[in-house]
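Input: a single structure, listed below in structure tokens.
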């Protein structure tokens, strides 16, 4: 397949191109700035009808940058359909998926290593940013990215994390390493939202709960962290076996520890029968 040139205004996105969700505007803007500075290094894949199968974002950047021509690879999907016996739309969808399936982004440590190499060669951070067509802030974040949790994958998540004090970051790192959190964008965003609202000691307690496999009701914790009310830190010393049984109870029933204690206190104070039952039980346990 040879690379040809096309006017981006003559192209359109194929109905068989699966991309419907575009990246955040700030990420797309940075990509367009990079293409404007470096040029389009990777051709757009199209069919013989000038319909884009892969490279929709590069095409959008070409339009935004008012490029007069872009590199393309023309794939004869009709011929492939005849050879394979598959419908043309199936062939085009498979091509679109295949072109993106094995694009492995540079890991944080690799980006960090590349920036450090450029700096050793005498380039300043601002010069690296200008050469790549990205913001200087992005380069600074790449330098620090190796120290960030690998669970943070989007620009918005990284930005939120970097705004937090170092002590909060340390506890968040341990929380974000939890297997059920690190691959779940919804939970990661909830953790970051809680981190922005919570006190350091609350983060410490939550990190401990997560480490012990205790369920955390993130919506409840965020709601409580946002409340403008004075709170006290209460500590008790329990027999170890009793505490382990209690933690097992929380795990089995998937109950948030703090939510359980607060609900129990409220219920006890509002229910005179509960208070009397507790009083009798305490007396019995005292003998």
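Each reported figure results from applying straightforward, stated rules to the coordinates on display, with no laboratory input. Owing to the predicted nature of the structure, the values given are computational and were not obtained by experimental measurement. FYI the Cβ positions are ideal-geometry reconstructions off the backbone, even for glycines, and counts take in every protein chain you see.
Bin width 10 Å, alpha-carbon pairs only: give the P(r) of the stretch 6-75 as whole percents, running from 0 to the bin holding the largest distance.
21, 55, 23, 0
To the nearest 10 degrees, how steep is helix 25-38 against the longest Cα principal axis of the chain, on a 0 to 90 scale?
40
What number results when the radius of gyration of the stretch 65-195, computed over Cα atoms, is divided by 2.2 N^0.38 Å?
1.48
Over the stretch 53-124, what lengths in whole Å, largest first, do the semi-axes of the equivalent ellipsoid take, defined as the square roots of 5 times the eigenvalues of the alpha-carbon gyration tensor?
The three semi-axes for the stretch 53-124 are 36, 18, 9 Å.
Hey, what's the Cα Rg ratio for the chain versus the globular rule of thumb, 2.2 N^0.38 Å? Write out the running numbers ahead of the final one.
Details: Rg = 27.6 Å, N = 287, 2.2 N^0.38 = 18.9 Å.
That works out to 1.46 for the chain.
If the stretch 135-222 were replaced by its equivalent ellipsoid, with semi-axes equal to the square roots of 5 times the Cα gyration tensor eigenvalues, what would those be, largest first, whole Å?
22, 13, 11
When the Kirkwood hydrodynamic radius is evaluated over all pairs of different C-alpha atoms of the stretch 1-125, what value in angstrom, to one decimal, is obtained?
16.3
Rounded to whole Å, give me the distance from the Cα center of the stretch 18-55 to that of the stretch 132-182.
26
Taking R0 as 45 Å, what FRET efficiency do you get between residue 154 and residue 282 from their Cβ-Cβ distance, rounded to the nearest 0.05?
0.30
Can you give the Kirkwood hydrodynamic radius for the stretch 186-287, in Å, rounded to one decimal and based on Cα pairs?
15.5
Averaging the inverse of every distinct alpha carbon separation and then flipping it gives the Kirkwood radius. What is it for the stretch 232-287, in angstrom units? Don't skip to the end; give the middle numbers.
Details: mean 1/r = 0.0764 Å⁻¹.
In the stretch 232-287 this quantity evaluates to 13.1 Å.
Would you mind telling me the antiparallel percentage of the DSSP bridges in the chain, rounded to 5?
50
Calculate how steeply helix 88-101 sits against the longest principal axis of the alpha-carbon atoms of the chain, using the helix alpha-carbon long axis, and give the answer as 0 to 90 degrees to the nearest 10.
The angle comes out at about 60 degrees.
Note the angle between two axes, namely the Cα long axis of helix 166-176 and the longest principal axis of the Cα atoms of the chain, as a number of degrees from 0 to 90, rounded to the nearest 10.
80
Set the Förster distance to 35 Å, then compute FRET efficiency between residue 78 and residue 27 from the Cβ-Cβ distance, nearest 0.05.
0.50
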